[in-house]
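So the structure is just underneath, and the comments pick up after that.
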Amino acid sequence: MGNKNKICKISRRQALKLAAGGTLGILSGCAINPVTGQQQLMLVSEQQEIQMDRQNSPHQFSADYGAVQDSRVNDYVTQVGISLSSSSHRPDMPYSFRCVNANYVNAYAFPGGSIACTRGILITLENEAELAALMGHEIGHVNARHTASRMSSAIAVQGIVAIGVGVAAIQDKRLVPLAAGLGGIGAGMLLASYSRSDERQADSLGMEYMDNRGYDPEGMVGLMEELNKLHKSKPSFVQQMFASHPMSSERYDTAVQKRDTVYADSKGKLLRERYMDNIASIRRLKPAIVEMQKGEGAMGKKSYHEAEEHFTNALRIAPNDYAGLLLMSKCQLAQGKAREGLLYAQRAKDRYPQEAQALHMTGMLSLENRNFRQALSNFDAYEKRLPGNPMTTFFKGVSYEALGNREMAANEYYRFLKVNNQGDYAKHAYDRLTGWGYLQ
């Protein structure tokens with residue numbers, strides 16, 4: 001019998017859940033795992049992985065303040081990533097790599113091969129082998145199809161056939177404009193927490209890909225050691241990483257064990273000097289990045305005055321830093337100082353005109369300043385640059401409503417309700433459409 005006639009192997013517990021949900025018929029959706037060579041339940045095709053990636057990854061990269069503007073850094077990260085992916089189990093995926101301006105410590109991969117590391121993690125690494133370990137781990141998630149597998153299980157067990165866009169509820173209304181909406185399924189779903197088993201497999205694949213390209217396995221050990229130290233001493237800096245990448249001493253111990261056994265004869269390189277040379281512009285910003293990390297931590301605790309002090313310190317060091325300017329604009333808005341916030345957002349827009357987030361922030365602050373035409377201009381520009389953010393659609397409706405253009409406001413509110421029909425925003429849109437006679 002050929003593979004087409006085989007049935008996916010599932011656990012008894014999973015089978016009971018599938019039966020309870022009436023979804024056992026879905027089991028025909030099987031695929032060969034490119035890493036293990038075994039059949040597995042897979043209801044998401046490779047083409048769907050790529051499409052979800054293309055639809056959602058740009059929103060996440062923009063939420064992380066876009067790729068760093070130093071082409072040398074991005075080219076370097078790309079070279080390391082492409083070298084590793086070319087020797088992986090899925091070398092033909094449309095991989096892309098970048099370092100983003102976010103200050104928190106993290107790296108992540110979308111299922112189609114779009115991968116990012118933050119500048120916050122680059123300043124914690126010591127050599128190129130550690131960067132290769134980080135990139136190899138993320139490539140491992142893509143190769144083992146961890147996101148697609150998790151989504152397939154959710155579809156089968158829960159009977160989910162479509163996942164709409166949800167707008168998170170935010171308790172503090174001053175922070176509503178700071179929430180970035182995401183298109184399609186949303187990056188939150190695609191970047192949800194991996195299981196410990198997934199992490200172990202991604203670590204193992206990362207070491208394999210590193211070894212294929214001549215890196216010292218000590219790079220993976222060093223990466224795990226550094227992350228464990230940060231987790232203990234500065235947990236807020238790595239909170240997002242461990243939300244999606246569960247960390248444990250076991251992962252460090254396993255890396256050490258594999259270094260000393262499987263890769264004991266490795267003659268790979270660490271390449272410390274080459275790493276430090278290529279990320280020199282990021283290293284120069286380290287004092288400013290640390291101040292921004294502290295400021296973001298204070299923002300999370302709603303200590304806005306403290307956050308402003310840290311962002312002020314950061315901008316003294318790096319006056320034109322795009323992320324720093326936007327963080328200060330958000331901090332001003334959170335304190336009800338929309339006029340001051342708008343000045344910082346406009347500076348950020350001038351500093352990095354190709355990046356979309358400053359357009360959205362300028363639109364929000366223009367709304368707060370009751371400059372509705374300026375708000376619309378920025379929202380339109382944002383939507384052309386980065387379509388698919390439902391919050392942009394909603395606030396365009398608010399702007400048109402304030403300008404007395406009921407027809408255009410109704411059009412935007414209707415567009416918003418097509419992708420989000422729950423929560424206060426949806427209620428506002430629905431009430432307007434009903435009150436104006438567009439809905440019965």
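The values are calculated or read from the model by the stated rules, or taken from the named source; none is laboratory data. Values in this document were obtained by computation on a predicted structure and should not be read as measured data. Every residue, glycine among them, receives a Cβ derived from its backbone with ideal geometry; neighbour counts consider all protein chains shown. Surface accessibility is based on the protein's heavy atoms, side chains included, excluding ligands, DNA and RNA. Shrake-Rupley method; radii C 1.70, N 1.55, O 1.52, S 1.80 Å.
Of Lys337/Lys418; Lys349/Lys396; Lys301/Lys330; Lys232/Lys286; Lys330/Lys384; Lys302/Lys396, which ones are farther than 26 Å apart at the Cα? Numbers along the way, then the final one.
Working: Lys337/Lys418 33 Å; Lys349/Lys396 19 Å; Lys301/Lys330 14 Å; Lys232/Lys286 20 Å; Lys330/Lys384 23 Å; Lys302/Lys396 28 Å.
Beyond 26 Å between Cα atoms: Lys337/Lys418; Lys302/Lys396.
Can you list residues from other chains, or at least 5 along the same chain, whose modelled amide H is less than 5 Å from the amide H of Lys269?
Amide H neighbours of Lys269, under 5 Å, 5+ apart: Tyr215, Asp216.
Please compute the Cα-Cα pair-distance distribution of segment 365-440 with 5 Å bins starting at 0, giving whole percents from short to long.
3, 18, 28, 25, 18, 7, 1
Taking 7 Å along the Cα-to-C-beta vector as the label spot, tell me the Lys301-Gln39 distance in nanometres, rounded to one decimal.
The answer from the label model is 5.5 nm.
Mind grabbing the base-10 log of I(q)/I(0) for segment 289-440 at q = 0.11, 0.17 Å⁻¹? Debye formula, identical points on the C-alpha positions, no solvent, two decimal places.
Taken in order of the listed q values, log10 I(q)/I(0) reads -0.48, -0.95.
When the convex hull of the C-alpha atoms of segment 315-355 is computed, what volume per residue in Å³ does it have? Before the final figure, lay out each step's value.
Values: hull volume 2.3 nm³, N = 41.
With only Cα atoms used, segment 315-355 gives 56 Å³ per residue.
So which trypsin sites (Lys or Arg not before Pro) in segment 318-400 end up in coil per DSSP with only 10 or fewer other C-beta atoms within 10 Å?
Arg370
Starting from the 7 Å offset along Cα-to-Cβ, what nm value, one decimal, do you get for the label separation of Asp431 and Glu407?
2.6 nm
Pairs of Cα atoms under 8 Å, at least six residues apart: use those to get the relative contact order of segment 214-369, whole percent. Please list the in-between numbers first.
On the way: 146 pairs, mean separation 24.2, N = 156.
With pairs under 8 Å counted, the relative contact order is 15 percent.
Taking the Cα centre of each part, how many Å lie between segment 38-65 and segment 104-153?
14 Å
Return the sequence-ordered ³J(HN,Hα) values of segment 73-84 in whole Hz as given by the Karplus equation 6.51 cos²θ - 1.76 cosθ + 1.60 applied to θ = phi - 60°, using x for Gly and Pro.
5, 5, 5, 5, 4, 5, 4, 5, x, 5, 4, 6
How big is segment 231-358 on each of its three principal axes, counting only the C-alpha atoms and giving the largest first in Å?
62, 31, 25
Could you give P(r) for segment 271-334, binned at 5 Å from zero, as whole percent values over all Cα-Cα pairs?
4, 21, 27, 18, 11, 8, 6, 4, 1
Taking the solvent-accessible surface of protein heavy atoms with a 1.4 Å probe, what is the per residue accessible area of segment 75-126 in Å²? Mind dumping the intermediate values first?
Values: 1190 Å² over 52 residues.
On a per-residue basis, segment 75-126 sits at 23 Å².
Would you list the P(r) distribution for segment 99-148, with all Cα-Cα distances sorted into 10 Å bins from 0 and each bin expressed as a whole %?
Once binned at 10 Å, the Cα pair distances of segment 99-148 give 28, 52, 20, 0.
Suppose R0 equals 51 Å. What FRET efficiency, 1/(1 + (r/R0)^6) with r the Cβ-Cβ distance, do Ser248 and Ile82 give to the nearest 0.05?
On the way: r = 30 Å, r/R0 = 0.59.
Working from the Cβ atoms, E equals 0.95.
Working out 0.36 nm times the residue gap between Asp92 and Arg284, then minus their Cα-Cα distance, what length gain in nm do you get to one decimal? List each step's numbers first, then the result.
Working: separation 192, 0.36 × 192 = 69.12 nm, distance 3.59 nm.
Extra length available between Asp92 and Arg284 comes to 65.5 nm.
Can you give me the C-alpha center-to-center distance between segment 343-387 and segment 272-291, rounded to a whole angstrom?
The distance from the Cα centre of segment 343-387 to that of segment 272-291 comes to 30 Å.
Quick one: what are the phi-derived ³J(HN,Hα) couplings along segment 216-231, Karplus 6.51/-1.76/1.60 with θ = phi - 60°, whole Hz, x for glycine and proline?
Each residue of segment 216-231 in turn: 5, x, 4, x, 5, 4, x, 4, 5, 5, 5, 5, 5, 5, 5, 4 Hz.
Quick one: which residues, 5 or more positions from Val100 or on another chain, have an amide H under 5 Å from its amide H? H modelled 1.01 Å from N in the peptide plane, none for Pro or chain starts.
Result for Val100 returns Val68, Cys117, Thr118, Arg119.
Distance between Cα centroids, segment 398-440 to segment 293-316: provide it in whole Å.
36 Å
Along Cα→Cβ, 7 Å out, is where each label goes; now give me the distance between the ones at Gln354 and Gln257 in nm to one decimal.
Calculated label separation equals 4.5 nm.
Mind listing the Cα extents of segment 51-118 along all three principal axes, in Å, largest one first?
That gives 31, 27, 19 Å along the principal axes, largest extent first.
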